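**Q** Below: one structure in structure tokens.
The values are calculated or read from the model by the stated rules, or taken from the named source; none is laboratory data. Note that this is a predicted model, so its numbers are computed, not measured. Virtual Cβ from ideal backbone geometry, glycine too; neighbours counted across all protein chains shown.
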There are 2 protein chains.
Amino acid sequence: MADNSGTNKEKIKEKVEKGYKSAGKQSIAFKNPPYIIAEASLVGKKEGEGPLGSLFDQVLEDPMIGKDNWEEAESELMKLTAQRVLMKAGLKNASIRYLIGGDLLGQLIATSFGIAELQIPLFGVYGACSTMGEAMSIGAILVDGGYAKRVLSITSSHFAGAEKQFRFPLDYGNQRPYSASWTVTGSGAVIIADHSTKKEAGEKDIVITGITTGKIVDYGIKDSMNMGAAMAPAAFETIKQNFEDFEIKPDYYDMIITGDLGYVGKNILIELLKEKGYDIEERYMDCGIEIFDQDTQDTHAGGSGCGCSAVTFTAYVIKQLKEGTWKRVLFVPTGALLSQTSFNEGNTVPGIAHAVMVEAR
Amino acid sequence: MADNSGTNKEKIKEKVEKGYKSAGKQSIAFKNPPYIIAEASLVGKKEGEGPLGSLFDQVLEDPMIGKDNWEEAESELMKLTAQRVLMKAGLKNASIRYLIGGDLLGQLIATSFGIAELQIPLFGVYGACSTMGEAMSIGAILVDGGYAKRVLSITSSHFAGAEKQFRFPLDYGNQRPYSASWTVTGSGAVIIADHSTKKEAGEKDIVITGITTGKIVDYGIKDSMNMGAAMAPAAFETIKQNFEDFEIKPDYYDMIITGDLGYVGKNILIELLKEKGYDIEERYMDCGIEIFDQDTQDTHAGGSGCGCSAVTFTAYVIKQLKEGTWKRVLFVPTGALLSQTSFNEGNTVPGIAHAVMVEAR
């Protein structure tokens, strides 16, 4: 575990005690760090066969999830995940003040059709594959600020829906370059609350202590089959800003976790940070790399999609925090802000990354 | 102007003074009502020829706004609007802590490409044509809660981009039914701040006193050419909830302003509220109806799009508040949560509406 550098810890505590919510240039330190009181992750068959397979709440063998098309399948997946996280928390829909949700499909239809029947006031959000970071950030603000006792943050993605939306129809049998990522079929959700639900003394609370909200970063990458390279600079800017805003170094965290940079983006990120004097290599992982086995699953650069970081965080990262393997992590979902139209029109692929500071207490 | 029913006013004041931020089931009463310190509206030629034409900050004659395609034109429109609102406020980008923005295009590309160069931390939001309500709601929360001194909330839409996205290519020359609306080419922006910028004693401050966040409402309408009918039930639910949460009646407001229900949706909304004992007819307007002249502009049911309510609010509604014509309004942008895919797959058109309470003080 990280050596909690006394100076930094005191500085942040001091800031928070002063009610100094706006830390540095792009961050917030929460005065009343909100609790993650429940989490859920549902995935498709391929994700279930991957290295994290046994950790997910449910693996859905049928890619259509009993529906007639990919979009409705994704909506159903999100609905089942929202229901699961409510069940795990022992809560009814009416106990949730806001639902913050998003997905990759145009006009967020997986979300609109997926969560409609829950009848929870909705803020629809979009940050491509960084959406879980945005949804958790806004959720934590609502709870810390006293605007809500409980918020549900959720995102989803579906391999086949994303291929149809962004690339080629599956039936076309297009070849995938090695830099391409594989969109995760999955949905992850957390309930963020203003109170602990700890039942026993030994149990850990999982709290959100701060956030760093990303700007759009565009290094001019135009290859939609190489999104890792497009997103790495955004992850770099947000992580660097987090270090600067809180006056900390990489060793403040036990793990720094990006969303879906994959093998290509990972190396770029490590190099970019190294140039600025930050060495994260020993304490760095990428959800897109963890979720599939590159050697046996033919997923090339790794997993991606709003669901990738959401299910890896809810199934794997929170487990490490609860078990005490890690005490403090920086969760940084990364998004590539392209559309089929912007790609076809020859535009670049701008990136964005939203960081969430999560601690076991 | 409305008779400010003493009882209601006191009740709300009492709630706010207690720090009771969560009003009723779906609303927030702001303890430190944020100020709208600047607003800007840029529109296309047709909107400039409409009844509100002289009120907009700028009318852009060229529908391509000097760009090569409709999407880039909309991005440019949003960029120019963001720059305009900053200029009007006398602020630089760096003074803005968050930009909350969205548009109608798949994956919000008008926003991503439009505001990238401003380099402001971004929360991308989507609520179809209700997006301005969502962007202002989140903006007001960030400021009221002390998370930001200044936030920029912005949305846009473009007629040709929206036709391409949701309906038929313009070149196809498709006939439009009378229930169809005309997507507004326009972008509206506000800067929400924690301080007044009032220069003279007589000047009015414009403040956001509360919000009511909408749920998804689906009455089973399937006609994407009749979005007013699809959105009216959502507007009804949100407005009714606002009355209930704050224990007020329609006469609490001088004007209740929906986004883009148009002529069809307007009548449905009035009837639905009447059935519940709320008569809003005397104090009701719809931005989609105000922005075009139905007789001469061939716009059928009225204007629509994220830009419709945004430019009508920033150019017309704020003016009425500043001049003292109205003291208190409920601004309720309305959204139809469909996509081309969901429509083609035979899905319904769910609606959502987000209400923002705005006052001149």
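**Q** Answer yes or no: is there a residue in region A:325-340 that is within 14 Å of chain B (Cβ to nearest Cβ) and surrounded by fewer than 23 Cβ atoms within 10 Å (Cβ to Cβ).
**A** yes
**Q** Now, a different point. Inspect all residues belonging to region B:316-329 and state whether any of them is modelled with pLDDT of 95 or more and in contact with a Ser or Thr (Cβ under 7 Å, 6 or more places away or on another chain).
**A** The answer is no, given that none of the residues of region B:316-329 is modelled with pLDDT of 95 or more and in contact with a Ser or Thr (Cβ under 7 Å, 6 or more places away or on another chain).
**Q** Listed residues A:Gly161, A:Gly139; which is surrounded by 19 or more Cβ atoms within 10 Å (Cβ to Cβ), within 25 Å of A:Lys327 (Cβ to Cβ) and touching a residue at least 24 places away in the same chain (Cβ under 8 Å)? Please lay out each step first, then the result.
**A** Details: A:Gly161 fails: within 25 Å of A:Lys327 (Cβ to Cβ).
Going through A:Gly161, A:Gly139 in turn, the sole match is A:Gly139.
**Q** If you check every pair at least six apart or on different chains, which have Cβ atoms under 6 Å apart with a residue in region A:334-361 that is in the same structural domain as A:Gly302 (by TED's automatic domain parsing) first and a residue that is outside any loop (DSSP other than H, G, I, E, B) and acidic (Asp, Glu) second?
**A** A:Thr341/B:Glu71; A:His354/A:Glu134
**Q** Within region B:86-108, identify whether any single residue is farther than 18 Å from A:Ala140 by Cα and basic (Lys, Arg), and answer yes or no.
**A** There is at least one residue in region B:86-108 that is farther than 18 Å from A:Ala140 by Cα and basic (Lys, Arg).
**Q** Kindly indicate whether any position in region B:219-242 is in contact with a Lys or Arg (Cβ under 9 Å, 6 or more places away or on another chain), over 18 Å from B:Val349 (Cα atoms) and in the same structural domain as B:Gly351 (by TED's automatic domain parsing).
**A** Just the residues of region B:219-242 that are in contact with a Lys or Arg (Cβ under 9 Å, 6 or more places away or on another chain), to begin with: B:224-225, B:228, B:230, B:232, B:234, B:236-238, B:240-241.
Subset that is over 18 Å from B:Val349 (Cα atoms): B:240-241.
Restricting the remaining residues to those that are in the same structural domain as B:Gly351 (by TED's automatic domain parsing) gives B:240-241.
Yes: one or more hits.
**Q** Still on this structure: Quick one: how many residues across region A:106-140 are out of contact with any Lys or Arg (no Cβ under 9 Å at 6 or more places or on another chain) and hydrophobic (A, V, I, L, M, F, W, C)?
**A** Total meeting the criteria: 12.
**Q** Now, a different point. Could you check how many residues of region B:41-54 are more than 18 Å from B:Thr155 (Cα to Cα) and touching a helix residue (DSSP H, G or I) at 6+ places or on another chain (Cβ under 8 Å)?
**A** 6
**Q** If you don't mind, there's one more thing I want to ask. With within 19 Å of the chain's Cα centre (by Cα) and either in a helix (DSSP H, G or I) or at pLDDT 95 or above (or both) as the only criterion, which of B:Ile268, B:Ile239 stands out? Quick ask: steps written out before the conclusion?
**A** Details: B:Ile268 fails: within 19 Å of the chain's Cα centre (by Cα).
Just a single option satisfies the conditions, and that option is B:Ile239.
**Q** Identify, please: which residue in region B:160-177 is in contact with a Leu (Cβ under 9 Å, 6 or more places away or on another chain) and under 29 Å from B:Ala355 (Cβ atoms) and is, among those, farthest from the other protein chains (Cβ to nearest Cβ)? Before you say what the answer is, go through the steps one by one.
**A** Residues of region B:160-177 in contact with a Leu (Cβ under 9 Å, 6 or more places away or on another chain): B:160-166.
So of that shortlist, the ones also under 29 Å from B:Ala355 (Cβ atoms) come out as B:161-163, B:165-166.
Details: B:Gly161: 9, B:Ala162: 11, B:Glu163: 13, B:Gln165: 8, B:Phe166: 9 Å.
The qualifying residue farthest from the other protein chains (Cβ to nearest Cβ) is B:Glu163.
**Q** Return the total of residues in region A:137-152 being closer than 12 Å to A:Tyr98 by Cα, out of contact with any Leu (no Cβ under 8 Å at 6 or more places or on another chain) and not basic (Lys, Arg).
**A** Step one: list which residues in region A:137-152 are closer than 12 Å to A:Tyr98 by Cα, which gives A:138-143, A:147-152.
In the following step, the residues that additionally are out of contact with any Leu (no Cβ under 8 Å at 6 or more places or on another chain) were identified as A:138, A:140, A:142-143, A:147, A:149.
Within this subset, residues satisfying the condition of being not basic (Lys, Arg) are A:138, A:140, A:142-143, A:147.
Total meeting the criteria: 5.
**Q** Moving on to the next point. Pairs please, first residue from region A:205-219 and more than 7 Å from chain B (Cβ to nearest Cβ), second anywhere and aromatic (Phe, Trp, Tyr) and not in a strand (DSSP E or B), Cβ atoms under 9 Å, 6+ apart in sequence or on different chains.
**A** A:Val207/A:Phe30; A:Ile208/A:Phe30; A:Thr209/A:Phe30; A:Gly210/A:Phe30; A:Gly210/A:Phe246; A:Ile211/A:Phe30; A:Thr212/A:Phe246; A:Val217/A:Phe236
**Q** Related question: From the list A:Val358, A:Val311, A:Val349, A:Val317, which residue is more than 14 Å from every other protein chain (Cβ to nearest Cβ), within 25 Å of A:Ile268 (Cα to Cα) and touching a Lys or Arg at 6+ places or on another chain (Cβ under 9 Å)?
**A** Working: A:Val311 fails: touching a Lys or Arg at 6+ places or on another chain (Cβ under 9 Å); A:Val349 fails: more than 14 Å from every other protein chain (Cβ to nearest Cβ); A:Val317 fails: touching a Lys or Arg at 6+ places or on another chain (Cβ under 9 Å).
Unique residue meeting the criteria: A:Val358.
**Q** While we're here: Considering every residue within region B:93-101, establish whether at least one is modelled with pLDDT of 95 or more and within 27 Å of B:Met225 (Cα to Cα).
**A** yes
**Q** I'm trying to understand the selection: among the residues of region A:281-298, which are β-branched (Val, Ile, Thr) and in contact with a Lys or Arg (Cβ under 8 Å, 6 or more places away or on another chain)? Walk me through how you get there before you give the answer.
**A** So in region A:281-298, the residues β-branched (Val, Ile, Thr) come out as A:289, A:291, A:296.
Answer for region A:281-298, where residues must be β-branched (Val, Ile, Thr) and in contact with a Lys or Arg (Cβ under 8 Å, 6 or more places away or on another chain): just A:Ile289.
**Q** Being under 25 Å from B:Tyr35 (Cβ atoms), of a type in the set (Val, Ile, Thr) and not in a strand (DSSP E or B) is the filter here; which residues of region B:87-133 pass it?
**A** Answer for region B:87-133, where residues must be under 25 Å from B:Tyr35 (Cβ atoms), of a type in the set (Val, Ile, Thr) and not in a strand (DSSP E or B): B:Ile96, B:Thr111, B:Ile115, B:Ile120, B:Thr131.
**Q** Among the residues of region B:116-127 satisfying the criterion of being among the hydrophobic types (A, V, I, L, M, F, W, C) and at the interface with another protein chain (Cβ under 7 Å from one of its Cβ atoms), which is surrounded by the most Cβ atoms within 10 Å (Cβ to Cβ)?
**A** Just the residues of region B:116-127 that are among the hydrophobic types (A, V, I, L, M, F, W, C), to begin with: B:116, B:118, B:120, B:122-123, B:125.
If we keep only those that are at the interface with another protein chain (Cβ under 7 Å from one of its Cβ atoms) as well, we get B:116, B:120, B:122-123, B:125.
Working: B:Ala116: 20, B:Ile120: 25, B:Leu122: 27, B:Phe123: 28, B:Val125: 33.
That would be B:Val125.
**Q** For region A:242-265, how many residues meet the condition of being polar (S, T, N, Q) and within 16 Å of the chain's Cα centre (by Cα)? Talk me through it step by step, then tell me what you get.
**A** First, the residues of region A:242-265 that are polar (S, T, N, Q): A:242, A:258.
Going one step further and asking which of them are within 16 Å of the chain's Cα centre (by Cα), we end up with A:258.
Within region A:242-265, residues that are polar (S, T, N, Q) and within 16 Å of the chain's Cα centre (by Cα) number 1.
**Q** Here is a list of conditions, (1) within 26 Å of B:Phe292 (Cβ to Cβ); (2) within 14 Å of another protein chain (Cβ to nearest Cβ); (3) surrounded by 18 or more Cβ atoms within 10 Å (Cβ to Cβ); (4) touching a Ser or Thr at 6+ places or on another chain (Cβ under 9 Å), and B:Glu76 meets all of them except one; can you say which number that is?
**A** (4)
**Q** A:Gln107 fails exactly one of the following numbered conditions: (1) touching an Asp or Glu at 6+ places or on another chain (Cβ under 8 Å); (2) free of Cβ contacts under 8 Å to residues at least 60 places away in the same chain; (3) farther than 16 Å from A:Ala189 by Cβ; (4) within 8 Å of chain B (Cβ to nearest Cβ). What is the number of that condition?
**A** (1)
**Q** Follow-up question, since we're still on this one. List the number of the failed condition for A:Lys46; all other conditions in (1) of a type in the set (Lys, Arg); (2) surrounded by fewer than 20 Cβ atoms within 10 Å (Cβ to Cβ); (3) away from every other protein chain (no Cβ under 14 Å) hold.
**A** For A:Lys46, the failing item is (2).
**Q** Which residues, taken from region B:292-333, are more than 19 Å from B:Ser130 (Cβ to Cβ) and part of a loop (DSSP other than H, G, I, E, B)?
**A** Scanning region B:292-333 gives B:Phe292, B:Asp293, B:Asp298, B:Thr299, B:His300, B:Gly324, B:Thr325, B:Trp326, B:Lys327.
**Q** With the requirement that a residue be more than 26 Å from A:Ala89 (Cβ to Cβ) and hydroxyl-bearing (Ser, Thr, Tyr), what does region A:281-325 give you?
**A** As a first pass, look at region A:281-325 and keep what is more than 26 Å from A:Ala89 (Cβ to Cβ): A:281-286, A:288-289, A:292-304.
Hits for region A:281-325 are A:Tyr284, A:Thr296, A:Thr299, A:Ser304.
**Q** Of the conditions (1) surrounded by 21 or more Cβ atoms within 10 Å (Cβ to Cβ); (2) more than 24 Å from A:Met227 (Cα to Cα); (3) within 18 Å of the chain's Cα centre (by Cα), A:Lys319 satisfies every one except a single condition; which number is it?
**A** For A:Lys319, the failing item is (1).
**Q** Going by the structure shown, is A:Met132 closer than 30 Å to B:Lys222 by Cα and not assigned by TED's automatic domain parsing to the domain that holds A:Ser27?
**A** Working: closer than 30 Å to B:Lys222 by Cα: no; not assigned by TED's automatic domain parsing to the domain that holds A:Ser27: yes.
Judged against the criteria, A:Met132 is not a match.
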